[in-house]
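Below: the structure, in structure tokens.
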Amino acid sequence: MNNTTSTSYSSTGLSCNTSYSYTVKAKNAGGTSGSSNTASATSDQCTPGTPTIGTATAASQTSMTITWTRISPFTESGFRIFPSVGFGAGEAGAGATSGSISNLTCGTSYQFRVQAHVDTNGRRYYSGNSGNTAVVSTDPCTPAAPSNFTATPASQTQINLAWRDNSTNESGFLVYLDALGDPTTADANTTSHQVGVSCNSGPWTFRVQAYACGNSRCYYSSWSNNASATSDPCTSAPTVTTTTPVTSITQTTATGGGNIISNGGATVTVSGCVWSTTLNPTTANSKTTNGWAIGGPWPCYMTGLTASTLYHVRAYATNSVGTSYGSDVSFTTAAIPAPTVTISASPTSVAYNGSSTLTWSSTNATSCTASDR
């Protein structure tokens, strides 16, 4: 029982979510009145238990899903989810054990806490804060598109690609060759890539985009500009013919020759003739190196030969692809002719015990022997 002279009274120290009934009596010097009518009221709902935090899982670039365990008393009207960075909160209804929070920043690490709340009689009461979740990152931001994309032929079978990397978070790049469909990949933080193609092909059109992956999802930039290139022309070993027949044959020299029909699309660096006493000589045998770079016929002067010997000769030409040869042409060096000799005596009439001087001349002889008959 409480005494007051006012027309209102505050009842404190009550238990939550409990109904109370009240009556009033008036009194003065003349005595105490009877009890008033009975008025009843129920105190506000009890504050809900503090949730036990569970896990945080990225759902997108800007949202997370949070789980928790409800704790008695289970009086909550709902839950609020608070991030460790930034402002705003997520909401979940009564009885929930998970909820989402959005409007987060992509590629950012967060922790989260949860509070239960109860709304009663126009007032809201909050539980204590749960613990924080482990640190979890939202999905990566969409990377910026590469720019200044170029394609340059590097050889017959390679085109070099280059671009400016405008992103800071890419996982890599996808390089598309329109004619091939499926892209090839380039590592993060690279600004170049090489693509193999066939010679003298194109123009090939390329484009590139950056991508960033995280939480089992990938996000792709817009395309770069297109760039086109044609590979270098195809090349082959030269086409060469051997001059036939061999001319100006002596015991130790002969003249052959060759003609370069085609340089194979690459500059001829050396050409001439090769010869030996075996079939199909190569540049490992005797050779000349003063042939033409294209066209002909040009002569080859072979020296140091052996008389009466069968030789084989071929024209050859070399470019960046390799060395090719003309057909094998054979010839035999000249034979050494039999020697001849002419002798004379002076005087031609000689007395007994006299003498005569003999003189002679010879051709093709290595030595001469005089004898009498």
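When you check ASN121 against the structure, is it more than 13 Å from ILE53 (Cβ to Cβ), polar (S, T, N, Q), modelled with pLDDT under 95 and not assigned by TED's automatic domain parsing to the domain that holds LEU177, yes or no?
Details: more than 13 Å from ILE53 (Cβ to Cβ): yes; polar (S, T, N, Q): yes; modelled with pLDDT under 95: yes; not assigned by TED's automatic domain parsing to the domain that holds LEU177: yes.
Answer is yes for this residue.
Considering TYR325, TYR316, TYR301, which residue is of a type in the set (Phe, Trp, Tyr), surrounded by fewer than 18 Cβ atoms within 10 Å (Cβ to Cβ) and assigned by TED's automatic domain parsing to the domain that holds GLY272? Before you say what the answer is, go through the steps one by one.
Working: TYR325 fails: surrounded by fewer than 18 Cβ atoms within 10 Å (Cβ to Cβ); TYR316 fails: surrounded by fewer than 18 Cβ atoms within 10 Å (Cβ to Cβ).
Going through TYR325, TYR316, TYR301 in turn, the sole match is TYR301.
So that you can scan it fast, the table gives a plain yes or no per residue for (1) touching a strand residue (DSSP E or B) at 6+ places or on another chain (Cβ under 8 Å); (2) closer than 30 Å to GLY107 by Cα; (3) not assigned by TED's automatic domain parsing to the domain that holds ASN103:
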| residue | (1), (2), (3) |
| --- | --- |
| SER8 | no, no, yes |
| SER21 | yes, no, yes |
| ASN28 | no, no, yes |
| THR57 | yes, yes, no |
| THR69 | yes, yes, no |
| SER77 | yes, no, no |
| ARG80 | yes, yes, no |
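From the residues in the range 17-59 that are surrounded by fewer than 17 Cβ atoms within 10 Å (Cβ to Cβ) and aliphatic (A, V, I, L, M), which one is farthest from SER216 (Cα to Cα)?
Restricting to residues being surrounded by fewer than 17 Cβ atoms within 10 Å (Cβ to Cβ) and aliphatic (A, V, I, L, M), the top hit is ALA29.
Working only within the range 252-266, note down all residues that are within 23 Å of ALA334 (Cα to Cα) and either hydroxyl-bearing (Ser, Thr, Tyr) or assigned to a loop (DSSP other than H, G, I, E, B) (or both). Quick ask: steps written out before the conclusion?
First, the residues of the range 252-266 that are within 23 Å of ALA334 (Cα to Cα): 252-258.
Within the range 252-266, THR252, THR253, THR255 meet the criteria.
Can you name every one of the strands (runs of 3 or more DSSP E) wholly within the range 267-373 that holds 3 or more residues which are more than 18 Å from THR244 (Cα to Cα)?
Working: elements: 270-276, 295-302, 310-318, 323-325, 329-332, 340-346, 357-363.
Answer list for the range 267-373: 340-346, 357-363.
Given the criteria without any contact (Cβ under 8 Å) to a residue 40 or more places away in the chain, more than 22 Å from CYS234 (Cα to Cα) and in a loop (DSSP other than H, G, I, E, B), does ASN169 qualify? Spell out how you get there, then give the answer.
On the way: without any contact (Cβ under 8 Å) to a residue 40 or more places away in the chain: no; more than 22 Å from CYS234 (Cα to Cα): yes; in a loop (DSSP other than H, G, I, E, B): yes.
The answer is no for ASN169.
Working only within the range 81-107, note down all residues that are out of contact with any Lys or Arg (no Cβ under 6 Å at 6 or more places or on another chain) and surrounded by 16 or more Cβ atoms within 10 Å (Cβ to Cβ).
The answer is ILE81, PRO83, GLY90, ALA92, ALA94, ALA96, GLY99, ILE101, LEU104, CYS106, GLY107.
PRO245 versus (1) without any contact (Cβ under 8 Å) to a residue 60 or more places away in the chain; (2) within 13 Å of THR332 (Cβ to Cβ); (3) surrounded by fewer than 14 Cβ atoms within 10 Å (Cβ to Cβ): which is the lone unmet condition?
(1)
Of the numbered conditions (1) over 30 Å from ARG314 (Cα atoms); (2) modelled with pLDDT under 95; (3) buried (at least 16 other Cβ atoms within 10 Å of the Cβ), LEU174 satisfies every one except a single condition; which is it?
With (1) over 30 Å from ARG314 (Cα atoms); (2) modelled with pLDDT under 95; (3) buried (at least 16 other Cβ atoms within 10 Å of the Cβ) applied to LEU174, the lone miss is (2).
Just to confirm my filter: which strands (runs of 3 or more DSSP E) fall fully inside the range 1-92 and include at least 3 residues that are among the aliphatic types (A, V, I, L, M)? Spell out the reasoning first.
Values: elements: 19-22, 39-42, 52-58, 64-69, 78-83.
Once the strands (runs of 3 or more DSSP E) in the range 1-92 are filtered for at least 3 residues that are among the aliphatic types (A, V, I, L, M), what remains is 52-58.
Restricting to the range 84-111, what's the tally of residues that are aliphatic (A, V, I, L, M) and over 39 Å from the mean Cα position of the chain (by Cα)?
Restricting attention to the range 84-111, the residues satisfying the condition of being aliphatic (A, V, I, L, M) are 85, 89, 92, 94, 96, 101, 104.
With the extra rule that they be over 39 Å from the mean Cα position of the chain (by Cα), the set shrinks to 89, 92, 94, 96.
Qualifying residue count, the range 84-111: 4.
Is one or more of the residues making up the range 208-218 in a loop (DSSP other than H, G, I, E, B) and without any contact (Cβ under 8 Å) to a residue 40 or more places away in the chain? Can you show your working first?
Going residue by residue through the range 208-218, those that are in a loop (DSSP other than H, G, I, E, B) are 215-216.
From the residues that got through so far, the ones that are without any contact (Cβ under 8 Å) to a residue 40 or more places away in the chain too are 216.
Checked against the condition, which is being in a loop (DSSP other than H, G, I, E, B) and without any contact (Cβ under 8 Å) to a residue 40 or more places away in the chain, the range 208-218 yields at least one hit.
The values are calculated or read from the model by the stated rules, or taken from the named source; none is laboratory data. Here the structure is a predicted model, which means the values were calculated and not measured. Here the Cβ is made from the backbone with ideal geometry for all residues, glycine too, and neighbour counts use every protein chain on show.
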